[in-house]
Each structure stands twice: as structure tokens, then as C-alpha cells.
């Protein structure tokens with residue numbers, strides 16, 4: 001009996017706990033019900049559907065065992081989509097995070113003078129993805145597009161590509177837009193973290209003779225490690241389940257060159273009337289995102305524990 | 001430790017968001033905003049013995065909604081005690097919504113379709129009422145152009161009523177541009193090749209094509225097949241009655257198509273351009289492209305978007321004949337009658353629903369559709385618009401109207417067709433590979449392996 005609660009009689013303490021648990025349970029219940037109906041149950045239903053052949057409208061679903069999964073394993077388009085997703089993951093993290101960080105540092109160092117830029121840099125994130133997609137479709141237009149005519153006007157005509165029509169280029173054209181849209185998001189996350197670093201740290205560092213670059217690499221970055229890994233996980237998961245901009249700009253084409261797992265799932269389930277196989281793709285996507293996210297989480301947690 | 005908690009929490013939230021997204025099966029973000037639609041799909045509870053009929057349609061561009069509404073209003077005035085609830089949906093959200101509604105056993109009484117393969121898919125799934133007895137009563141079906149009924153007739157039964165419009169793919173061209181270079185409207189394949197060379201030499205794209213949309217490029221392929229081998233080749237392959245998608249005609253059509261691509265016949269970057277946002281029409285309007293193979297709806301689109309172009313520049317001819325082709329050059333590819341309206345078996349009042357459909361395509365409605373620049377699929381329809389009258393003439397003179405492949409085929413095969421034809425255009429598949437992919441998909445679909 002050394003703890004401070006030792007003065008409370010055990011009986012009362014137990015009752016207080018039960019009441020507490022009950023209250024917590026009641027408060028959480030609506031959320032649980034909501035999640036069960038709209039998240040858990042659909043997941044279970046999707047998994048079940050992935051073992052059937054169903055066109056999505058027929059009253060009967062034909063169970064086919066693992067046939068859909070066998071098909072998935074040898075489905076070139078799915079694996080191409082998976083590879084495209086990985087490309088987006090890698091490029092998103094490599095491009096969005098550093099630029100986001102650079103902008104955040106710029107805003108942080110710039111102080112009040114940069115208030116206008118804070119807003120301006122944030123604009124892309126405020127625009128609806130559909131609007132962004134259509135806007136860039138026009139920018140990439142090979143005849144009238146701003147990008148093409150801009151490059152030609154600058155005498156850089158040799159750089160002009162068939163931005164959205166060339167199977168080797170299209171994925172990167174879209175990734176550029178994704179980055180344009182999401183860099184502000186990471187900028188804000190990093191900016192918020194940067195403002196949380198006390199000014200004394202900086203003063204102390206500079207009194208000790210640190211340079212700007214010393215200060216950034218040796219003090220700021222280690223302090224922001226948690227934020228950075230959070231941002232990386234967000235970017236990772238976002239990239240794996242990416243759908244909207246690709247759908248608006250290319251619908252995964254031409255000839256699957258920019259196909260993603262999510263667009264492929266949508267096409268199968270709703271355009272080809274293969275709800276069963278579409279559910280298999282959805283479940284595979286679910287498993288892939290889950291496994292990758294959990295392992296990243298595990299690794300970052302181990303990493304941060306080792307460093308504490 | 002704060003770090004770990006935050007990242008765990010954030011990751012969990014992100015995971016959750018991921019799951020929600022995956023399993024809500026991605027409501028397409030890429031399409032026009034849906035009208036604030038109530039979920040009035042279910043047969044709503046009738047109040048005071050009032051009969052309620054729900055109807056969905058996708059005629060969202062003016063005057064589409066009025067064309068439906070005026071008929072509904074007249075029907076309700078003549079039939080007290082029957083209430084019609086009309087819901088207009090955007091094209092693409094509709095496709096998803098109808099499937100979900102049917103899968104959930106909750107479809108509207110009356111729903112639109114394009115006939116062909118997708119409608120047959122609904123029919124096979126027991127989601128459509130057989131309308132043959134209604135169509136046979138008083139020979140009502142004789143009101144319609146025969147080609148329109150063939151798109152909704154499966155297993156010798158009629159499953160839909162053709163209502164909205166007729167559209168066939170024709171070769172639009174920019175008249176003054178042809179005059180400027182001393183060219184005639186291409187009547188033969190040789191004419192066409194001369195025109196292509198001339199325009200290429202003058203830095204004008206011979207054809208405007210926006211093939212991200214896929215069905216746009218498919219039109220060229222369908223016409224090539226039809227002109228080369230006639231409609232039977234496709235019919236036999238599609239219905240699996242002794243034909244195959246590896247028929248030499250399909251391969252030859254693919255070769256011709258790639259010849260055109262290699263000759264630079266299509267506008268730059270065509271596989272990335274989107275028809276829905278007007279990227280091919282802009283080329284036409286700007287005089288940067290000379291021709292476009294497109295559905296005859298392009299007439300009213302141009303009239304609305306660019307009246308000046310419509311007045312001075314726009315004209316069209318039939319797709320030219322191929323020198324060694326077996327197909328009748330009067331054949332057309334297109335659709336007669338869509339949208340078609342069908343009645344769901346869950347509908348409590350099918351007789352009233354059919355009566356409502358008769359109002360929607362009665363003489364008054366036909367007249368109004370004609371004024372709106374449409375070609376309702378009824379016999380003896382004429383219009384003052386010379387261009388539309390020309391389309392009507394083409395349809396009447398056509399020995400065969402080939403329905404768009406992607407609507408004729410079951411959806412699964414339709415998608416394969418669109419993908420392979422886009423690949424043909426992108427030169428990423430040979431004609432043989434494309435033909436094989438289509439045939440393999442058909443074999444698998446019909447369980448022939």
C-alpha cells in the first residue's frame with residue numbers, strides 16, 4: 001500500500017472502475033456500431049465476395065473457392081498496378097517530404113513577412129481533386145496545353161512529351177500532379193512541428209557556434225523524427241490506396257500504364273461487372289496496405305525505442 | 001514516447017481511412033457532381049392507397065429533364081391515384097448506383113439502359129420484366145423502327161422500350177478546310193488517304209481523336225471491321241455462333257488501324273486526350289484537325305458549343321468504303337433508340353409503369369424530342385433540321401445498324417474490346433495479339449475452355 005490511492009477503500013474503488021468502464025462503453029457504443037456497420041461488416045463481406053463469382057446484380061453468388069485468388073496471382077495487370085503503386089509510394093516520399101520540409105523551413109525562418117506565402121503554398125490542397133485533375137489535363141494537352149506551349153516558347157521544345165498519352169511517361173506526369181497537390185499538406189505538418197521547437201534551442205545552438213546547416217541537420221531533423229515518420233506513413237498509405245487523381249486524369253490508361261490497384265478494383269467491380277473478382281482485388285489491396293503499414297509501424301516503433 | 005503514440009494513432013487513423021476507402025468501393029470521384037439524390041430507390045410506402053412508381057433517368061442536359069417531366073405530368077393528370085417519383089442521375093454515377101440498387105434488391109420501377117450486353121446481364125440476373133406482352137398488345141411495337149427493338153430483344157423477348165434518340169457514327173469534317181486544300185469530302189478510301197497526306201503536310205491533324213475515353217477509338221475499329229467483312233463477322237464472334245474474334249477480318253482491321261496511326265492520321269497525344277472534357281472537339285473547332293469520326297450527337301453538341309462552327313464548317317459523310325471490303329458501305333455503326341427504359345420485376349405496378357412509358361414516347365413527346373434535335377426511334381419521323389434528316393436517311397437506307405461493340409458485348413468483354421482497341425492505337429499490341437486477347441476473354445466468359 002504505497003500508492004497514493006491507498007486511502008480509497010478497495011470496494012469503492014472497484015465500483016468507481018465499473019462505473020467508469022460503463023460510461024466509457026456507452027460513450028463509445030455509437031462509434032462502435034457505426035464502425036461495425038460501415039467498416040467491419042463491409043470488410044467481412046468483401047472478403048466473402050472474393051471467393052465468389054458474382055456480377056453484382058444477380059440475386060445469386062456462385063462460390064468458386066480460391067479461383068479468383070489463383071487468377072489474381074497470375075494477373076499481369078494487377079501486378080503492374082501494384083508496381084505502379086510502389087513507384088508512387090517511393091516517389092511521393094522522396095519528392096513530397098523534402099520539398100514540404102524545405103518550404104516549411106522557409107516559412108518558419110521567414111517569419112511574418114511570409115504570411116502571404118503560407119496561404120499561397122497551401123492553395124493546391126484546398127482545391128478539389130477532380131478540379132485539379134481536369135485543370136492539369138488541360139495543362140498537359142499536347143496541342144493547346146500550357147506546359148507544351150510554354151516549353152516551346154522557351155526554346156525547350158525537345159523536352160515536350162506526350163504527357164498523358166505515352167505509356168512510358170504518363171505515370172510520372174500524374175505523379176507530378178499528385179506531388180503538386182500534396183506537398184502543401186506535408187509543409188503544414190512540418191511547419192507546425194517546427195513552430196513547436198523552442199527558440200532557446202536555436203539561441204543555445206548558435207551561442208555554441210552552430211551554423212544554420214548544423215542547426216538544421218543536427219538539431220531540427222532529429223527533433224522532427226517522429227513527425228517525419230508519421231508523414232512518411234501517411235504518404236505510404238495514401239499512395240497505396242491512391243485513386244481519385246489517376247481516375248480523373250487517365251482512368252489507369254493508356255493500356256494500363258497508369259493502372260493502380262484501386263482503379264483496377266473499381267474497373268473490375270463496376271465496369272466489367274465482376275464484383276467477385278473486384279472484391280478479390282479489394283481484399284488483396286486491403287491485405288497489402290495492412291501488411292506494409294503494420295511493418296512500417298513496427299519498424300519505426302522499434303527504431304524510436306532503440307533511440308530512447 | 002509522444003512520438004510513438006502519435007505515429008501509432010495517426011497510422012491507425014490512416015489505416016482506417018484506407019479501409020473505408022477500399023471497402024466503400026471508391027465512389028468515383030472523377031465524375032460530375034451527383035444531384036442531391038434521396039435514396040428513394042425502394043418502392044416507397046404508398047400513402048392512402050396511392051400507387052407510387054419510381055423512375056430513374058439520365059437525361060440531365062437541358063431539355064432532357066423537361067422531356068421526361070412533361071410526359072410524367074400528363075400521365076399523372078390522366079391517372080389520378082398514381083404518383084410518379086422521377087430522379088435524374090448523372091451518367092456515370094447512375095451506372096454504379098443501378099448496380100448497387102439491383103444487388104441490394106432495391107431497384108427503381110423504371111430504369112434506363114443502352115440495351116445490348118449490359119441489359120442482357122440484367123435480364124439473365126432476373127432484374128428485368130419481360131415486356132413482350134405489353135409490346136404485342138395492339139401491336140404497339142410496330143410503332144418503333146425495327147433496328148431499335150433488336151437492341152433490347154433477347155431470347156425472342158422484348159425487355160425495354162426505345163425512347164430517347166438515335167445516333168450513328170459518321171465522319172465529320174471541316175468543310176472550308178477541305179475547300180482550302182482543294183479536297184472533296186472523302187467518299188472512298190483513296191480519297192481519305194489523299195486527305196490524310198495533304199493535311200499532314202500542312203501541319204493539320206487529319207483526325208481529331210480523344211482516346212483516353214476508349215469508345216472513341218473503337219468507332220474506327222468497328223467501321224473497319226464492318227466495311228471489310230460486313231456485320232456478320234462480328235455477330236458470329238459475339239454470339240459465339242461459329243465465329244471467332246481471331247477471324248482474319250478483325251486482324252486486317254487492326255492492321256488498317258495501325259496503318260492509319262503510323263501514317264500520323266490522328267491528333268498528337270490522342271491516347272491521353274479526354275472526349276468528355278472536349279479535347280478532341282477543341283481541335284476541330286480550332287481548325288487544328290480536319291475530321292472526326294463521332295456519333296451524330298456531335299451535331300447538337302456543336303450547335304450548342306460553337307454555333308458558328310456548326311453553321312459554317314460542320315458537315316459529315318458516311319465512313320468510306322474499303323477497296324476490297326465485303327461489307328455494304330451503307331451499313332452504319334451506332335444505336336437506334338437509346339436510352340431504352342425497362343421495368344424492374346420488383347415494381348408493384350408494372351401496368352401503370354408501362355403506360356407511363358407510352359406517354360414518354362407518345363406523339364406529343366416525339367414532337368418535343370424532334371424539336372430538341374433528337375431522333376426518336378419511331379417510324380416515319382421527320383425533322384426540319386437538314387443534318388438530322390440526313391442522319392435519318394442514312395439509318396433508313398442502312399441494311400444493318402451495328403450496335404457499338406462495347407454495348408453489344410457483355411460488359412466484361414466490352415471492357416476488353418475497349419482496352420485492346422486502345423492498345424492497337426497505342427501500338428502496344430499487334431493486331432494478332434489484340435484479336436487473341438479478345439477471343440481468349442470470350443472463350444473464358446462463355447466457358448469454352
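The values are calculated or read from the model by the stated rules, or taken from the named source; none is laboratory data. Because the structure is a prediction, the values reported are computed rather than measured. Here the Cβ is made from the backbone with ideal geometry for all residues, glycine too, and neighbour counts use every protein chain on show.
Summary table below
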read-out	value
Test for residue B:80: is it modelled with pLDDT of 85 or more, out of contact with any strand residue (DSSP E or B) (no Cβ under 8 Å at 6 or more places or on another chain), more than 13 Å from chain A (Cβ to nearest Cβ) and assigned to a loop (DSSP other than H, G, I, E, B)	yes
3 or more residues modelled with pLDDT under 85: qualifying helices (runs of 4 or more DSSP H) within the stretch A:107-181	none
Any helices (runs of 4 or more DSSP H) falling wholly within the stretch B:101-208 and containing at least 1 residues that are closer than 25 Å to residue B:317 by Cα	B:146-150, B:175-180, B:189-201
Output for the stretch A:156-191, where each listed residue is loosely packed, with under 14 Cβ neighbours inside 10 Å and without any contact (Cβ under 8 Å) to a residue 12 or more places away in the chain	A:156, A:157, A:158, A:159
Hey, residue A:128 within 14 Å of another protein chain (Cβ to nearest Cβ), without any contact (Cβ under 8 Å) to a residue 24 or more places away in the chain and either farther than 30 Å from residue A:277 by Cα or touching a strand residue (DSSP E or B) at 6+ places or on another chain (Cβ under 6 Å) (or both) or not	yes
Matching residues in the stretch A:187-206 - criterion: being under 17 Å from the mean Cα position of the chain (by Cα) and either more than 16 Å from residue A:98 (Cβ to Cβ) or within 11 Å of chain B (Cβ to nearest Cβ) (or both)	A:189
Residue within the stretch A:294-305 that is crowded, with 23+ Cβ neighbours inside 10 Å, part of a helix (DSSP H, G or I) and either within 7 Å of chain B (Cβ to nearest Cβ) or at pLDDT 90 or above (or both) present	no
Exclusive hit being at pLDDT below 50, closer than 21 Å to residue B:350 by Cβ, more than 9 Å from chain A (Cβ to nearest Cβ) and not in a strand (DSSP E or B), set B:36, B:43	B:43
Among the candidates B:366, B:332, residue that is away from chain A (no Cβ under 14 Å) and crowded, with 22+ Cβ neighbours inside 10 Å	B:332
Single residue of B:399, B:411 found to be at pLDDT below 90 and either under 30 Å from residue A:274 (Cβ atoms) or within 14 Å of another protein chain (Cβ to nearest Cβ) (or both)	B:411
Residue check, residue B:333 more than 16 Å from residue B:402 (Cα to Cα) and within 24 Å of the chain's Cα centre (by Cα)	no
Neighbours by Cβ (under 8 Å, 6+ apart or cross-chain): first from the stretch B:417-431, within 7 Å of another protein chain (Cβ to nearest Cβ); second in a helix (DSSP H, G or I) and crowded, with 23+ Cβ neighbours inside 10 Å	B:422/B:211; B:422/B:217; B:422/B:271; B:423/B:434; B:426/B:271
Hits in the stretch A:268-277 (condition: farther than 13 Å from residue B:416 by Cβ and more than 7 Å from chain B (Cβ to nearest Cβ))	A:275, A:276, A:277
Failed condition for residue B:353, given (1) buried (at least 19 other Cβ atoms within 10 Å of the Cβ); (2) in contact with a helix residue (DSSP H, G or I) (Cβ under 7 Å, 6 or more places away or on another chain); (3) assigned to a helix (DSSP H, G or I)	(2)
Which numbered condition residue B:119 fails, given (1) within 14 Å of chain A (Cβ to nearest Cβ); (2) touching a strand residue (DSSP E or B) at 6+ places or on another chain (Cβ under 8 Å); (3) farther than 14 Å from residue B:411 by Cβ	(3)
Residues that are surrounded by fewer than 14 Cβ atoms within 10 Å (Cβ to Cβ) and touching a residue at least 12 places away in the same chain (Cβ under 8 Å), drawn from the stretch B:176-186	B:176
Condition met for residue B:235 (in a helix (DSSP H, G or I), touching a helix residue (DSSP H, G or I) at 6+ places or on another chain (Cβ under 7 Å) and modelled with pLDDT under 95)	no
Unmet requirement for residue A:55, which otherwise passes all of (1) part of a helix (DSSP H, G or I); (2) in contact (Cβ under 8 Å) with a residue 12 or more places away in the chain; (3) within 14 Å of chain B (Cβ to nearest Cβ); (4) touching a helix residue (DSSP H, G or I) at 6+ places or on another chain (Cβ under 7 Å)	(1)
Test: residue in the stretch A:235-248 that is free of Cβ contacts under 8 Å to residues at least 40 places away in the same chain and out of contact with any helix residue (DSSP H, G or I) (no Cβ under 8 Å at 6 or more places or on another chain)	no
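Table: residues versus (1) within 14 Å of chain A (Cβ to nearest Cβ); (2) over 30 Å from residue B:283 (Cβ atoms).
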{"residue": "B:106", "(1), (2)": "yes, yes"}
{"residue": "B:130", "(1), (2)": "no, yes"}
{"residue": "B:137", "(1), (2)": "no, yes"}
{"residue": "B:142", "(1), (2)": "no, yes"}
{"residue": "B:164", "(1), (2)": "no, no"}
{"residue": "B:173", "(1), (2)": "no, no"}
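One line per residue, one yes/no per condition, for (1) surrounded by fewer than 24 Cβ atoms within 10 Å (Cβ to Cβ); (2) within 14 Å of chain A (Cβ to nearest Cβ); (3) modelled with pLDDT of 90 or more; (4) part of a helix (DSSP H, G or I):
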position: B:264; (1), (2), (3), (4): yes, yes, yes, no
position: B:276; (1), (2), (3), (4): yes, yes, no, no
position: B:283; (1), (2), (3), (4): no, yes, yes, yes
position: B:290; (1), (2), (3), (4): no, yes, yes, no
position: B:294; (1), (2), (3), (4): no, no, yes, no
position: B:300; (1), (2), (3), (4): yes, no, no, yes
position: B:303; (1), (2), (3), (4): yes, no, no, yes
position: B:308; (1), (2), (3), (4): yes, no, yes, yes
